[in-house]
1. Identify all residues within segment 101-114 that are more than 14 Å from residue 140 (Cβ to Cβ), in contact (Cβ under 8 Å) with a residue 12 or more places away in the chain and more than 15 Å from ligand 2 (Cβ to nearest atom); write none if there are none.
2. Within segment 140-168, count every residue that is within 10 Å of residue 195 (Cβ to Cβ) and either more than 14 Å from ligand 1 (Cβ to nearest atom) or among the basic types (Lys, Arg) (or both).
3. Considering only segment 125-158, state which residues are among the charged types (D, E, K, R), out of contact with any Ser or Thr (no Cβ under 8 Å at 6 or more places or on another chain) and within 15 Å of ligand 2 (Cβ to nearest atom).
4. Identify the residue in segment 171-208 that is among the hydrophobic types (A, V, I, L, M, F, W, C) and surrounded by 14 or more Cβ atoms within 10 Å (Cβ to Cβ) and, among all such residues, is farthest from residue 96 (Cα to Cα).
5. Test residue 168 against the stated conditions and say whether it is at pLDDT 95 or above and either over 18 Å from residue 98 (Cα atoms) or part of a strand (DSSP E or B) (or both).
6. Tell me which of these residue 122 doesn't satisfy, since it passes every other one: (1) under 29 Å from residue 243 (Cα atoms); (2) surrounded by 13 or more Cβ atoms within 10 Å (Cβ to Cβ); (3) acidic (Asp, Glu); (4) away from ligand 2 (no atom under 15 Å from the Cβ).
7. For segment 65-88, give me each residue that is surrounded by fewer than 16 Cβ atoms within 10 Å (Cβ to Cβ) and modelled with pLDDT under 95.
8. Please go through (1) within 15 Å of ligand 2 (Cβ to nearest atom); (2) of a type outside the set (Asp, Glu); (3) under 30 Å from residue 34 (Cα atoms); (4) part of a loop (DSSP other than H, G, I, E, B) for residue 161 and return the number of the only condition it doesn't satisfy.
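The values are calculated or read from the model by the stated rules, or taken from the named source; none is laboratory data. Here the structure is a predicted model, which is why all the values come from computation and not from measurement. Note that we place each Cβ from the backbone using ideal geometry, even for glycine, and neighbour counts take in every protein chain shown.
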Amino acid sequence: MNDTPTLSQRADALEDKMSQELDYIVIKSRLYSMAEGDMGPAPNAAAIMAKNPKARVLMGDDPRLPPMPARPTLIDFFKYRFGPAAHLLQSAKHAMTAGLPENMILASLLHDISTIGFIRGDHGYWGAQLVEPYVDEEVTWAIRAHQVLRFYPDPSVGYEYPQAYIKAFGADYRPDDYVEADYKRMRNHKWYMSGRMITVHDIYSFDPNAVVELEEFTDVIGRHFRQPEQGLGFDNSPVAHMWRAMIRPAKYL
Ligand SMILES: [Fe+2]
Ligand SMILES: [Fe+2]
């Protein structure tokens with residue numbers, strides 16, 4: 001006999017667990033379920049509420065996450081939403097030590113914010129879009145380009161295909177066609193070397209003793225990131241909803 005619970009049994013168990021433990025109900029976005037390989041229906045909020053009349057679907061702040069200020073700054077996102085940022089801090093420090101211009105130090109500091117705070121796949125594209133209204137066009141361009149250029153060596157600056165990629169993706173891995181097409185476009189762009197410089201300072205072998213503090217970049221952020229007065233997520237920009245998605249990732253609607 002097969003004891004593996006069916007999808008609906010699992011959904012029921014989840015509903016029971018939720019209604020017993022919480023007075024709020026979390027219904028995950030489809031993207032999160034698909035990332036778990038789950039194509040089943042979302043838990044039924046009405047059924048959960050029927051079992052626990054106190055429960056409400058989550059529409060406000062998520063009690064499981066650190067609260068955020070009403071007008072969150074980029075630094076607040078680093079503190080309260082992004083995961084460990086050692087890689088970004090070390091990359092930015094590396095870029096600073098090499099004497100890169102301040103806007104490229106900022107690009108190094110921000111190049112993987114999508115990986116640590118939002119969505120991994122196509123993270124250069126997402127990350128660039130997140131910051132587009134607030135930084136120079138060159139910074140956006142370079143952030144988008146870095147993830148593409150990472151796959152292609154450039155001996156002129158001593159950049160090799162990362163050993164870590166061979167290990168992670170296999171020696172026979174080839175980037176998707178759209179990445180290859182973007183590489184060809186980016187290779188001839190006037191800002192090619194800006195994107196390339198992020199890959200040069202995109203370091204994977206961290207010195208575990210090198211502690212870099214975000215405060216070291218307060219001035220660079222202040223000079224090159226146009227922090228909206230209303231806070232990220234509330235400035236009516238074309239990307240405000242993306243920042244709000246990080247503030248309240250489980251908002252029901
Ligand atoms: Fe990256
Ligand atoms: Fe990186």
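1. 102, the sole residue that qualifies.
2. 3
3. Matches in segment 125-158: 144 only.
4. Taking segment 171-208 and keeping what is among the hydrophobic types (A, V, I, L, M, F, W, C), we get 171, 179, 181, 186, 191, 193, 197-198, 200, 203, 206.
Now restrict to residues that are surrounded by 14 or more Cβ atoms within 10 Å (Cβ to Cβ): 179, 186, 191, 193, 197-198, 200, 203.
On the way: 179: 28, 186: 24, 191: 19, 193: 16, 197: 12, 198: 11, 200: 12, 203: 13 Å.
The extreme case among them is 179.
5. Here the answer is yes, as residue 168 does meet what is asked.
6. (4)
7. 83, 84, 86
8. So residue 161 meets the others, but not (3).
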